[in-house]
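Notes for the one structure printed next.
The values are calculated or read from the model by the stated rules, or taken from the named source; none is laboratory data. Since the structure is predicted, the reported quantities are computational estimates derived from the model, not experimental observations. Here the Cβ positions follow ideal geometry from the backbone for every residue, glycine too, while neighbour counts run over all protein chains shown. When the accessible area is computed, the model is the full protein with side chains, heavy atoms only, and any ligands, DNA or RNA have been set aside. Shrake-Rupley method; radii C 1.70, N 1.55, O 1.52, S 1.80 Å.
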Amino acid sequence: MSAQHNSKLAVVSSVGMVLSIAMTSLMASPSYAYSRYRENNESQATQAQTRQNQIAQVFRSTLSLPAGQAIATKINRQDTLYIAKGETVNASLLVAQDIAANNGTVLIPAGAVIDGQFVPAEGGSKFVAQKFTSRGATVKLQAESALINDMKDPRETGVGNILTDAGIGGAAGAVLGGVLRGNVQILDVLGGAAAGAVIGNVTAPQVTVIEPSTVINIVTQQTITFAVRDDF
């Protein structure tokens with residue numbers, strides 16, 4: 001019995017060894033390795049697709065601002081901007097109040113920065129927008145303001161400049177300077193061509209004047225589409 005039992009154990013051991021060798025050989029074969037590689041890649045691709053779908057679901061809503069949307073702005077500076085006739089000036093504007101979609105969602109908040117240029121136009125200047133920046137994102141923007149009329153440069157319409165325009169100087173200028181600061185009408189003192197020169201201030205150039213408090217309405221020229229999160 002002992003010899004027979006030992007014989008059975010030897011047979012089992014031999015079979016186990018053969019199976020072990022066969023499995024080792026199979027796992028070492030190129031086809032098996034490729035199969036495992038493909039399974040791993042397919043699993044990783046499935047997981048990546050799942051993550052992408054989850055991210056895409058966050059931004060599944062879109063809202064739009066139509067062409068023709070007016071946006072109230074003010075210049076992004078504390079001092080007055082003077083633009084000479086025919087001059088192009090780079091500038092930025094600040095959105096003065098929230099711009100919302102029909103459902104009330106704020107798409108362009110107050111304080112958003114609009115970059116562009118003041119460009120020459122017949123009779124003054126107009127602002128042409130190029131892009132706006134808000135919430136860390138920059139979006140191309142096609143929008144323009146209406147004509148901003150130019151005027152005689154207010155920096156050159158003081159008493160001294162007016163008297164120079166009229167061809168008056170020296171002692172007479174000092175006297176008339178006092179008159180202009182009083183309650184006497186300039187027409188009561190000057191006559192004819194001199195008065196016309198004073199009133200016209202002929203040497204002052206035309207400029208477009210943009211005060212920090214000036215509201216500049218720009219109007220969109222194209223529809224702007226926004227991707228909005230569900231929890232936005």
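Here are a few things to note about the model shown:
- Considering residues of the range 136-169 that are closer than 22 Å to residue 111 by Cα and open to solvent by 40 Å² or more (accessible area, probe 1.4 Å) only, the residue modelled with the lowest pLDDT: 136
- Residues located in the range 77-104, provided they are under 18 Å from residue 137 (Cβ atoms) and either open to solvent by 30 Å² or more (accessible area, probe 1.4 Å) or in contact with a helix residue (DSSP H, G or I) (Cβ under 7 Å, 6 or more places away or on another chain) (or both): 94, 98, 100
- Looking at 124, 104, just one residue is modelled with pLDDT of 95 or more and over 19 Å from residue 221 (Cβ atoms), and that residue is 124.
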